[in-house]
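The values are calculated or read from the model by the stated rules, or taken from the named source; none is laboratory data. If you're wondering where the values come from, they're calculated on a predicted model, not measured in any experiment. Positions of Cβ are backbone-derived with ideal geometry, glycine not excepted, and every protein chain shown enters the neighbour counts. Accessible surface is based on the protein model in full, side chains and every heavy atom, while ligands, DNA and RNA are left aside. Shrake-Rupley method; radii C 1.70, N 1.55, O 1.52, S 1.80 Å.
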Amino acid sequence: MSNGQIHLAPSPRSLLGVRILGSGSYVPELVVTNQDLKETHGFDPDWIVNRTGIHERRFALPHQATSDLCAQAAIRCLKAARCEASDVDLLVVATFTPDMAFPATANLIQDRLKLVCPAFDVQAACAGFVFALVIAAQFVATGNSRCALVIGGDCNSRVINPNDQKSYPLFGDGAGAVLLAPGDRDQGLVAYQLGSDGSGGDLLSRPACGSRIPPSPAVLEKGLHYLTMDGRAVFKWAVRILADSALAVLAHANCRVPEIRWFIPHQANVRIIHAASDVLGFHRDSVFKNLERYGNTSAGSIPIALDELYREGAIQRGDLILTSGFGAGLNWGTALWRW
């Protein structure tokens, strides 16, 4: 990021004629509370709550990986949509914690669910689900898919440093999914913006275990295989990009804040959510938050939230929903969706 300023912000676009048939989500059974972190790592529970709003998070069990969480979310999504696996003709998975470098996590899920379709991963970190949603919507809107399964999920507990008191308490594991199909002309992405600024890539990264710094005993000893983050810089950028991107999308759609039924920002930090919501003018009752229970689930964040609202009957046909993901890359994706 040059001089701390946002740049490389593309113009918003629209993509209509797509609807969400159903949703599903899954979080692991293991609940890790702030008190648990105090007992195991000496972390301060009050600091965690005051600085992040997080009270607990879910960690994957030893036998679970990202594909396991995503597969469960997908199964629940298909059931909710009353569709069979044989109906799915496209699978797009957003994750930055794949089971392994290759094959893609999407391929593992495809085999698990016995899907007959192309399957691939999208890596845009915490903005990944919005990126994957837009990609899959393109296939549906152009008639090249009739039933596209979109999943966002991450096992952050596998890449966070247990000795880092500022980042370790922030993250949790989970996955969410939606099923896309052709819809009416007014349904779908009323407006969206996808953006990237690689000049800020070093603010949030996992330096090792790629082709630049292959794994070695020395690398592991230095902890370079863990996520690293400049929390202060990322916080300032996140508040700014969340507000600016949302304003750009709303302007493109000629839409006002009171028309939005739900604002679902990426569940990274309650202070980021409140700061951006106040700038945008959202009443707290229309801003959805569940990070106090799950923490930051990265690509799983937005689809888990969507599924919770949908299962509660809090989303109705015609509702406008504003979602925005932001994170490593630096990447951001904001979408105004008409249900």
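This table checks each residue for (1) in contact with a Lys or Arg (Cβ under 6 Å, 6 or more places away or on another chain); (2) at pLDDT 95 or above; (3) farther than 16 Å from Ala238 by Cβ.
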position	(1), (2), (3)
Leu280	no, yes, no
His283	no, no, yes
Ser298	no, yes, no
Ser301	no, yes, no
Ile304	no, yes, yes
Tyr310	no, yes, yes
Checklist entry - Is it fair to say Arg212 is within 30 Å of Arg311 (Cα to Cα), surrounded by fewer than 22 Cβ atoms within 10 Å (Cβ to Cβ) and at pLDDT 95 or above? => result no
Checklist entry - (1) of a type outside the set (Val, Ile, Thr); (2) under 16 Å from the mean Cα position of the chain (by Cα); (3) in a helix (DSSP H, G or I): which one isn't true of Ala276, the others all being true? => result (2)
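Quick check on the stretch 126-174: of everything there that is of a type in the set (Phe, Trp, Tyr) and touching a helix residue (DSSP H, G or I) at 6+ places or on another chain (Cβ under 8 Å), which residue is surrounded by the fewest Cβ atoms within 10 Å (Cβ to Cβ)? Spell out the reasoning first.
Residues of the stretch 126-174 that are of a type in the set (Phe, Trp, Tyr), as a first pass: 129, 131, 139, 168, 171.
Retained after the next criterion (residues that are touching a helix residue (DSSP H, G or I) at 6+ places or on another chain (Cβ under 8 Å)): 129, 168, 171.
Working: Phe129: 36, Tyr168: 19, Phe171: 24.
Out of the qualifying residues, it is Tyr168.
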Checklist outcome for this item: Those residues of the stretch 143-196 which are under 18 Å from Ala127 (Cβ atoms), assigned to a loop (DSSP other than H, G, I, E, B) and hydrophobic (A, V, I, L, M, F, W, C) amount to Val159
Item to check | For Asn254: the one exception among (1) touching a residue at least 40 places away in the same chain (Cβ under 8 Å); (2) of a type in the set (S, T, N, Q); (3) not in a helix (DSSP H, G or I) | outcome: (1)
Checklist entry - Which one of Leu21, Leu15 is in contact (Cβ under 8 Å) with a residue 24 or more places away in the chain, surrounded by 17 or more Cβ atoms within 10 Å (Cβ to Cβ), touching a Leu at 6+ places or on another chain (Cβ under 6 Å) and more than 30 Å from Ile241 (Cβ to Cβ)? => result Leu21
Checklist entry - Quick one: in the stretch 242-289, which of the residues that are more than 18 Å from Gly53 (Cα to Cα) and among the small types (Gly, Ala, Ser) is surrounded by the fewest Cβ atoms within 10 Å (Cβ to Cβ)? => result Gly281
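Among the residues of the stretch 184-226, what is the count of those that are of a type in the set (S, T, N, Q) and under 30 Å from Arg317 (Cβ atoms)? Reasoning before the result, please.
Filtering the stretch 184-226 for residues of a type in the set (S, T, N, Q) gives 187, 193, 196, 199, 205, 211, 216.
Applying the additional criterion that residues be under 30 Å from Arg317 (Cβ atoms) yields 187, 193.
Residues flagged as of a type in the set (S, T, N, Q) and under 30 Å from Arg317 (Cβ atoms) within the stretch 184-226 amount to 2.
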Next on the checklist: Checking Ala60 against (1) under 23 Å from Ser167 (Cβ atoms); (2) under 21 Å from the mean Cα position of the chain (by Cα); (3) open to solvent by 30 Å² or more (accessible area, probe 1.4 Å), only one condition comes out false. Which one?
Outcome noted: (3)
Checklist entry - Which residue pairs have Cβ atoms under 8 Å apart, sit 6 or more places apart or on different chains, and have a first residue in the stretch 124-152 that is without any contact (Cβ under 8 Å) to a residue 40 or more places away in the chain and a second that is open to solvent by 10 Å² or more (accessible area, probe 1.4 Å) and assigned to a loop (DSSP other than H, G, I, E, B)? => result none
Next on the checklist: Any residue that is more than 24 Å from Ala137 (Cα to Cα), at pLDDT 95 or above, open to solvent by 20 Å² or more (accessible area, probe 1.4 Å) and among the basic types (Lys, Arg) - is there at least one of those in the stretch 182-197?
Outcome noted: no
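Might you let me know whether the stretch 268-278 holds any residue that is hydrophobic (A, V, I, L, M, F, W, C) and closer than 17 Å to Ala175 by Cα? Full working, then the answer.
Initially, the stretch 268-278 is screened for residues hydrophobic (A, V, I, L, M, F, W, C), giving 268, 270, 272-273, 275-276.
Within this subset, residues satisfying the condition of being closer than 17 Å to Ala175 by Cα are 268.
For the stretch 268-278, residues hydrophobic (A, V, I, L, M, F, W, C) and closer than 17 Å to Ala175 by Cα: present.
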Checklist entry - In the stretch 83-92, what residues are touching a Leu at 6+ places or on another chain (Cβ under 8 Å) and either open to solvent by less than 70 Å² (accessible area, probe 1.4 Å) or within 16 Å of Tyr310 (Cα to Cα) (or both)? => result Cys83, Ala85, Val88, Leu90, Leu91, Val92
